[in-house]
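Here's the structure we're looking at; comments come further down.
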Amino acid sequence: MEFLRKTKYSMDDLLQIMRILRAPNGCPWDKEQTHESIRKNFIEETYEVAEAIDNKDAGLLKEELGDVLLQVVFHAQIEDELGVFSFSDVADGVCRKLIERHPHIFGKTKADTTQEVLRNWEDIKQKQKGVKNHSEVLLNVPRTLPSLMRCEKIQQRAAKAGFDYHEVDGAYSDMKSEVAELWQAIQNGCASEVGEELGDLLFSVVNVARFVKVDAENALENACDKFIRRFSKVEETAKKRGIDMQSAGIESLDILWKEVKNKEQ
């Protein structure tokens, strides 16, 4: 299969390149791949896009978006070879979805606020999926999402069904109750009970985060970054003072931790 080199390539070129790579005389690795074998690649590329966004790196973002697009083209090509659907079918589907879910733009529905737009979007989405009750709405939240993100989406959908507190104090009270139940489970020494109560506590923490309009996933990510930053400073301080971290004991290291923390504040 011939391919003409250019100074500027297009979407059509990307599709042709993928067909060449997957052709009988194409790349041995590309020909062997399946949806399952490159599933992890798709996830990793998506997170790399997120990292580029967080770093406000436009050049890296352009590159990583290309990598995500490659994954879309790859999966579409596999299905095209099976005669199930093509990339053009994927594009057609998303265009139809955007038109149908924006009736305030492409139809006669009125939506003057973001809240109205989101409510219409969700209502149309559930009708298209044939959802019959609120439980099905919750079940439709993908299990493959990061757990904190899945938790928040489940809570948001339950809230739309009326199952929610009016104020944050109810959610906060639940969280404190779950802390007590976790501690009791720890005292009982039952591993399965501890795991269950820990899950309940995490669920309640996300609920509090939702009420105070904090993204739990981002909050935990920031906490991890903060821990690494402070840990590095503790390690640096310990080295300067001739302290061996592995033998110093947690009490001594906690003193250094608090010292680093106070300097940051």
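General observations
One line per residue, one yes/no per condition, for (1) without any contact (Cβ under 8 Å) to a residue 60 or more places away in the chain; (2) surrounded by 17 or more Cβ atoms within 10 Å (Cβ to Cβ):
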| site | (1), (2) |
| --- | --- |
| SER147 | yes, no |
| GLU152 | no, yes |
| SER177 | yes, no |
| TRP183 | yes, no |
| GLN187 | yes, no |
| VAL206 | yes, yes |
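- Among the residues of region 77-128, the ones that are polar (S, T, N, Q) and not in a helix (DSSP H, G or I) come to 3 in all.
- Of the residues making up region 154-175, just one is of a type in the set (Lys, Arg) and open to solvent by less than 40 Å² (accessible area, probe 1.4 Å), namely ARG157.
- Residue match in region 158-171 (condition: farther than 30 Å from VAL131 by Cα and modelled with pLDDT of 95 or more): yes
- For the residues ARG143, ARG96, the requirement of being closer than 29 Å to GLU221 by Cα, of a type outside the set (Val, Ile, Thr) and free of Cβ contacts under 8 Å to residues at least 12 places away in the same chain singles out ARG143.
- Out of ALA216, ALA171, ALA161, ALA223, one residue alone is in contact (Cβ under 8 Å) with a residue 24 or more places away in the chain and either acidic (Asp, Glu) or closer than 24 Å to TYR47 by Cβ (or both). It is ALA216.
- Cross-chain or 6+ apart pairs with Cβ under 8 Å, region 70-89 first and touching a residue at least 12 places away in the same chain (Cβ under 8 Å), then of a type in the set (A, V, I, L, M) and not in a helix (DSSP H, G or I): GLN71/ILE38; PHE74/ILE38; HIS75/ILE38
- If the condition is being surrounded by 12 or more Cβ atoms within 10 Å (Cβ to Cβ), of a type outside the set (Lys, Arg) and either outside any helix (DSSP H, G or I) or in contact with a helix residue (DSSP H, G or I) (Cβ under 8 Å, 6 or more places away or on another chain) (or both), then region 232-253 contributes VAL234, GLU235, THR237, ALA238, ILE243, MET245, ALA248, LEU253.
- Single match in GLU197, GLU193, GLU235 (criterion: within 17 Å of CYS151 (Cβ to Cβ), free of Cβ contacts under 8 Å to residues at least 24 places away in the same chain and more than 20 Å from the chain's Cα centre (by Cα)): GLU197
- Applying the criterion of being open to solvent by less than 100 Å² (accessible area, probe 1.4 Å) and of a type in the set (Asp, Glu) to the residues of region 111-135, the residue that is farthest from LYS153 (Cα to Cα) is GLU116.
- Check on VAL131, closer than 28 Å to VAL72 by Cβ and outside any helix (DSSP H, G or I): yes
- From the options ASP80, ASP67, residue that is touching a Ser or Thr at 6+ places or on another chain (Cβ under 7 Å), open to solvent by less than 90 Å² (accessible area, probe 1.4 Å) and on the phi < 0 side of the Ramachandran plot: ASP80
The values are calculated or read from the model by the stated rules, or taken from the named source; none is laboratory data. Note that this is a predicted model, so its numbers are computed, not measured. Glycine also receives a Cβ, built like all others from the backbone with ideal geometry; neighbour counts cover every protein chain displayed. Ligands, DNA and RNA are stripped out before the accessible areas are found, and what is left, the full protein with its side chains, is counted by its heavy atoms. Shrake-Rupley method; radii C 1.70, N 1.55, O 1.52, S 1.80 Å.
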